[in-house]
Amino acid sequence: MDFIFNLASYIIPFVVVLTIIVFVHELGHFWVARRCGVRVEVFSIGFGPELFGFNDRHGTRWKFAAVPLGGYVKFFGDADATSSGADQDAMGSMSAADRAVSFHHKRLPQRAAIVAAGPVANFIFAIVIYTGLFSLIGQPYTPPVIGGVVAGSAAEAAGLKAGDRITSLDGGAVQRFEELRTYVALRAETPIQLGVLRDGADMALTIVPRRVDVPDGFGGTQRLGQVGIQSPTGSTEFVRHGPVSAVVQAVRQIGTEITTTFTYLGRIIKGKESGDQLSGPLGIAKMSGDIAKSGWLALVSLMATLSVAIGLINLFPVPMLDGGHLLFYAVEAVRGRPLGERAQEYGFRVGFALVLSLFLFATWNDLNRLPVFNFIAGLFS
């Protein structure tokens, strides 16, 4: 019985979070498609056999499927659920009325807008969440002032002292100590130019974060850059923003998350970071369960972060993802006609292989990092 309860405490938050994010993503596609006059045949949360569903007055089948690891919207004229191409047999026999509601007969800008609407909906959803949190609860705020310097640390070697205020990082302004921590974490062994305010005078210092293994809070470790400075004791507070300021801060937060993602991926490509910090479904499930135990506010915040991640990943120019469709549309705009059916088919095969490889790689990371075997064993305790 304890095993079932422990398992449910991880699976339920994960499924709830993922279902909401996927629903928002697919709703973006659905809403813009309907605005463009496209008939939507299926709106599915999950893949595989249908568990339950209903038909709306427009003929769309809304359903929940057995495997809750994604979802899709199938438009009239699609060959399959991924919208990888048109149903060529049906296309040839369509009437004028059918072509008017077929996705593949819409103008290029309309098709591009429908495809882009999914990731855009994820970003808007995250902005709404962060705006609500920053307005009602407040945004964590710690002044970017050094409370203490660890002896023998990179900060001491750079000449930083307690009481220094960090004003910029590589030329970018700093508002909060939290931003400093995030920036440094992804730049291990990379020189950072600091703007420092000391006793009313501006200074410029260079610091090189050291790579350290730190607990990730979920049973594993992660390698991050650290410089050995402490925030002022007792200085963290939650600052509530007005409506406009909350939106600005929400957009800024999302911008930071996107920049952080690209910085990490760029460092992997350059060989400065390992890809073993990427998480798959197992890692996200454990994270969701652990964070859910901290309270619903933490889980909602995680939902916003994951929504940004899913929106961003879907914009990568990989066939099978939304970004891959947009890439094909860009080629179509340049050529004046779509790529051939065979070229698109091979593109989607390559895209599927890339997505599957990333999924397996991230899952392998989960098995090694958490470690999941101990996590599973703990479910029985």
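The values are calculated or read from the model by the stated rules, or taken from the named source; none is laboratory data. What you see is a predicted model, and the numbers here were worked out from it, not measured in a lab. Virtual Cβ from ideal backbone geometry, glycine too; neighbours counted across all protein chains shown. What goes into the accessible areas is simple: the full protein's heavy atoms, side chains included, and nothing from ligands, DNA or RNA. Shrake-Rupley method; radii C 1.70, N 1.55, O 1.52, S 1.80 Å.
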Study note, to complete from the structure: Of the residues in region 154-169, those that are of a type outside the set (A, V, I, L, M, F, W, C) and open to solvent by less than 10 Å² (accessible area, probe 1.4 Å) number 1
Point to revise | Subset tally (residues that are out of contact with any Lys or Arg (no Cβ under 8 Å at 6 or more places or on another chain), surrounded by fewer than 17 Cβ atoms within 10 Å (Cβ to Cβ) and of a type in the set (A, V, I, L, M)) for region 170-203 | key: 3
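Give me a count of the residues in region 310-339 that are open to solvent by 40 Å² or more (accessible area, probe 1.4 Å) and either hydrophobic (A, V, I, L, M, F, W, C) or more than 24 Å from the chain's Cα centre (by Cα) (or both).
The total comes to 16.
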Practice item. Determine if region 258-273 includes at least one residue that is in contact (Cβ under 8 Å) with a residue 12 or more places away in the chain, of a type in the set (Asp, Glu), open to solvent by less than 70 Å² (accessible area, probe 1.4 Å) and touching a Lys or Arg at 6+ places or on another chain (Cβ under 6 Å). Key: yes
Review point. Taking interchain pairs and intrachain pairs at least six residues apart, which have beta carbon atoms under 8 angstrom, with the first residue in region 341-361 and in contact (Cβ under 8 Å) with a residue 24 or more places away in the chain and under 11 Å from LEU321 (Cβ atoms) and the second surrounded by 13 or more Cβ atoms within 10 Å (Cβ to Cβ) and hydroxyl-bearing (Ser, Thr, Tyr)?
Key: PHE348/THR82; PHE348/SER84
Review point. Among the helices (runs of 4 or more DSSP H) contained in region 300-381, which hold 2 or more residues that are modelled with pLDDT of 80 or more?
Key: 322-335, 341-369
Review point. Between a first residue in region 107-119 that is in contact (Cβ under 8 Å) with a residue 40 or more places away in the chain and in a helix (DSSP H, G or I) and a second residue that is open to solvent by less than 30 Å² (accessible area, probe 1.4 Å) and of a type in the set (Asp, Glu), which pairs have beta carbons less than 7 Å apart while being 6 or more apart in sequence or on different chains?
Key: LEU108/GLU332; VAL115/ASP322; ALA116/ASP322; GLY118/GLU26; GLY118/ASP322; PRO119/ASP322
